[in-house]
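Written below as structure tokens is the structure these notes are about.
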Amino acid sequence: MPELPAPRVRAARVEDDAELALLDRLTWSHLHAVVPEPRPPYPPFFDERHSPEDCLVAELGDRLAGCLRLGFPTPLESNRHVRQIQGLAVAEEARGRGVGRALVRAAVEESRRRGARRITLRVLGHNAPARALYAAEGFAVEGILPEEFLLEGTYVGDVFMGRAL
């Protein structure tokens, strides 16, 4: 059986907008989303808060397989040494192929390259696969907000994780 290609991670480009917007809609789930399911008219993926420079894209062969948004936790200058993973999506057909792990590792390296001292993220308490991935990549639970969100009739905790760079 031929070996499957490893994910290749690169910076997003403006021309990725439509494909990333579609991936974002196709991967929407209350497992990780606290906002309502997207409905038409769909907004662009990139906007004034999310530029291509702050998005990493994973490809398997010539197909877009996932993306990760990397931002700042606050707009404060005193907090500029911290970067935050603000979204991670992997296409259904690419799951289990190392795409999420490659994106998280690339986010850590990109944060270091940009001079960050820490990287953080927030993940829903019931998202066991994501929490396991982040823990395996060196993120530790730094706080939990119990029952922070009400999703489909269930209260869900918000887990804050981080790691030093």
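The values are calculated or read from the model by the stated rules, or taken from the named source; none is laboratory data. Small disclaimer: the values here were computed from a predicted structure and weren't measured. Glycine gets a Cβ as well: all are built from the backbone with ideal geometry, and neighbour counts include every protein chain shown. Ligands, DNA and RNA are excluded from the accessible area calculation, which covers all protein heavy atoms including side chains. Shrake-Rupley method; radii C 1.70, N 1.55, O 1.52, S 1.80 Å.
Side notes on the structure shown:
- Looking at 98, 157, just one residue is touching a Gly at 6+ places or on another chain (Cβ under 8 Å), at pLDDT 95 or above, under 23 Å from residue 24 (Cα atoms) and not aliphatic (A, V, I, L, M), and that residue is 157.
- Number of positions in region 118-138 that are within 13 Å of residue 85 (Cβ to Cβ), open to solvent by 30 Å² or more (accessible area, probe 1.4 Å) and under 14 Å from the mean Cα position of the chain (by Cα): 2
- Test: residue in region 24-35 that is open to solvent by 30 Å² or more (accessible area, probe 1.4 Å), among the hydroxyl-bearing types (Ser, Thr, Tyr) and within 16 Å of the chain's Cα centre (by Cα): yes
- Those residues of region 20-42 which are out of contact with any Cys (no Cβ under 9 Å at 6 or more places or on another chain) and assigned to a helix (DSSP H, G or I), in sequence order: 21, 22, 25, 26
- Residue in region 67-79 that is in a helix (DSSP H, G or I) and open to solvent by 70 Å² or more (accessible area, probe 1.4 Å) present: yes
- Close pairs (8 angstrom Cβ cut-off, 6 or more residues apart or separate chains): free of Cβ contacts under 8 Å to residues at least 60 places away in the same chain and closer than 12 Å to residue 16 by Cβ in region 48-62, open to solvent by 100 Å² or more (accessible area, probe 1.4 Å) and of a type outside the set (D, E, K, R) anywhere: 52/14
- Selection from region 118-140 of residues that are in contact with a strand residue (DSSP E or B) (Cβ under 7 Å, 6 or more places away or on another chain) and assigned to a helix (DSSP H, G or I): 130, 131, 134
- Options 143, 115, 100, 157; residue that is in a strand (DSSP E or B), touching a residue at least 24 places away in the same chain (Cβ under 8 Å), small (Gly, Ala, Ser) and open to solvent by less than 70 Å² (accessible area, probe 1.4 Å): 157
- For region 14-23, taking the residues that are out of contact with any strand residue (DSSP E or B) (no Cβ under 6 Å at 6 or more places or on another chain) and open to solvent by 50 Å² or more (accessible area, probe 1.4 Å), the one that is nearest to residue 47 (Cα to Cα) is identified as 14.
To keep it simple, each residue is scored yes or no on (1) in contact (Cβ under 8 Å) with a residue 12 or more places away in the chain; (2) over 17 Å from residue 9 (Cα atoms); (3) among the β-branched types (Val, Ile, Thr).
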{"position": "73", "(1), (2), (3)": "yes, yes, no"}
{"position": "78", "(1), (2), (3)": "no, yes, no"}
{"position": "87", "(1), (2), (3)": "yes, no, no"}
{"position": "90", "(1), (2), (3)": "yes, no, yes"}
{"position": "128", "(1), (2), (3)": "no, yes, no"}
{"position": "136", "(1), (2), (3)": "yes, yes, no"}
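- Within region 80-97, tally of residues that are closer than 19 Å to residue 7 by Cα, surrounded by 15 or more Cβ atoms within 10 Å (Cβ to Cβ) and charged (D, E, K, R): 1
- Restricting 49, 39 to those that are open to solvent by 70 Å² or more (accessible area, probe 1.4 Å), within 16 Å of the chain's Cα centre (by Cα) and under 24 Å from residue 124 (Cα atoms) reduces the list to 49.
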